[in-house]
1. If I model region 145-217 as equal point scatterers sitting on the Cα atoms and use the Debye formula, what is log10 I(q)/I(0) at q = 0.13, 0.15, 0.16, 0.18 Å⁻¹?
2. So, R0 is 45 Å and r is the distance between the beta-carbons of Glu331 and Ser142; what FRET efficiency does that work out to, to 0.05?
3. Expected output is a single nm value to one decimal: the length gained when fully extending between Glu134 and Thr43, i.e. 0.36 nm times separation in residues minus the C-alpha distance. What is it?
4. What aspartates and glutamates could a cross-link reach from Lys4, if we take a straight Cα to Cα line under 13 Å and drop same-chain neighbours fewer than 8 places away?
5. Stretched out fully, how many nm does the piece from Cys152 to Lys4 gain, at 0.36 nm a residue minus the Cα gap?
6. Taking a cut-off of 21 Å between Cα atoms, list the lysines near Lys136, but don't count ones fewer than 8 places away on the same chain.
7. Using only Cα atoms, what is the ratio of the radius of gyration of the chain to 2.2 N^0.38 Å?
8. Determine the shape class of region 300-344: with a ≥ b ≥ c the square roots of the Cα gyration tensor eigenvalues, call it rounded for a/c under 1.5, and otherwise prolate if a/b is greater than b/c, oblate otherwise.
Amino acid sequence: MAGKGVFEEIIDGDVYKYYADGEWKKSASGKSVPIINPTTRKTQYKVQACTQEEVNKVMEAAKAAQKSWARTPLWKRAELLHKAAAILKDHRASIAECLVKEIAKPAKDAVTEVVRSGDLVSYTAEEGVRILGEGKFLVSDSFPGNERTKYCLSSKIPLGVVLAIPPFNYPVNLAVSKIAPALIAGNSLVLKPPTQGAVSALHMIYCFHLAGFPKGLISCVTGKGSEIGDFLTMHPGVNCISFTGGDTGIAISKKAGMIPLQMELGGKDACIVLEDADLDLTAANIVKGGFSYSGQRCTAVKVVLVMESVADALVDKVKAKVAKLTVGSPEEDCDITPVVTESSANFIEGLVMDAKEKGATFCQEYRREGNLIWPLLLDHVRPDMRIAWEEPFGPVLPVMRINSVEEGIHHCNASNFGLQGCVFTRDINKALMISDAMETGTVQINSAPARGPDHFPFQGLKDSGIGSQGITNSINMMTKIKSTVINLPSPSYTMG
């Protein structure tokens, strides 16, 4: 149970503690931040409202701990990560319970997120040993005009203190996707979890605590973004920021200065459907891609661009599958559960009403109860409708009919976003040509967009982000190259 048994240490009364210097602490502010259950719309949990002074202390401890951690043998870092992964999986039920109550994630998906996170941590440990255990040896005479008088040895060294900020929709998985690469690379880690998802993240951090990482190496601070958000991201002690979220990331990038950034900021993932597509396969992927976790995924299908000649048939197939989706509470494992906040539901409703006013065809009746919005397919969407361009982050999917492949590519590329896209066709040549033309970080061929497997590169173009994620890319991004050059008194060549 959440906050019970082994997890009793992390809660004081009804308020969860924050984690700093290897200890679970109450904030000196005496204040807490409520976490609203999206289903009941009542306060489910409370977390500490940390102060700026407490952030300063966390940063000091992180800097000190990182120095010794960087000298810890690579195999030992990997060993502790494997241990944390096993503990995380052992406590999947308790963490999943938090996910269900904080972010209304269906129960089976919540368990899957925790297990996937454990696998990610273990894989990162193994990959880190391989990547960081190798260096480069260069000789000077490969460049014109030089004799072999210099040997260059280069290796990867840690950046220092990594600030990790995950989003509400995957507060555990997208936290460990930042934590594990940072730690294996020799960095210390400060986690600022989202408010919705903070308790899940605190339970996850406790698993790392139980694994026995050095004090101060890992911290988790909770609180109001208005009080500690900018203070964290602009803190001089931070050497790298890994952020997943929305518009806030753009503001962070403008203020961050000369530190490495890894950012994924959302998408408007387009699904282009050609005349020769397998419509049953396409419909299944559109429903899975558009409505899984109520559409609250950066890689959800956000707009369907279908050739007019097959549009009626495809819409009918999608409508039939949408009709079978279950709607209700996450505890009952329903397909469609409440969106995370009332403001999110209001935003989604605004997009729906705009489409209605401008003449979109409603394939289902629009229905909402509190934060729960029934799945809705909108046909005959036009470019003058907000839903054609804005990311709803909810169970509403627009269909736009196109008369040429070029028209679909143009709409995809006219978006400010460029995270992922997908193409459905039986012609691999067309698929590859369209993929090359789409201005997105990834294009899926005959499958819905997805982040993963977790070792695949994951990146966005334009307003969708900076840098590339995925285990290998994250390890490389959280290190820097250090070179040592040996200067010889005379040219050295291997003797025959």
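Read the figures in this text as sums done on the coordinates, not as results from a lab. Since we're looking at a predicted model, the values are computed, not measured. Neighbour counts run over all protein chains shown; Cβ positions are idealised from the backbone, glycine included.
1. So the normalised log intensities are -0.45, -0.54, -0.59, -0.71.
2. The pair Glu331/Ser142 has a calculated efficiency of 0.10.
3. Gain on stretching Glu134 to Thr43: 27.8 nm.
4. Correct list for Lys4: Asp12, Asp14, Glu97.
5. Length gained between Cys152 and Lys4: 47.8 nm.
6. Counting by Cα, and skipping residues close in sequence, Lys136 has these lysines nearby: Lys150, Lys156, Lys480, Lys482.
7. Against the empirical 2.2 N^0.38 Å value, I get 1.05 for the chain.
8. Note, shape of region 300-344 comes out oblate.
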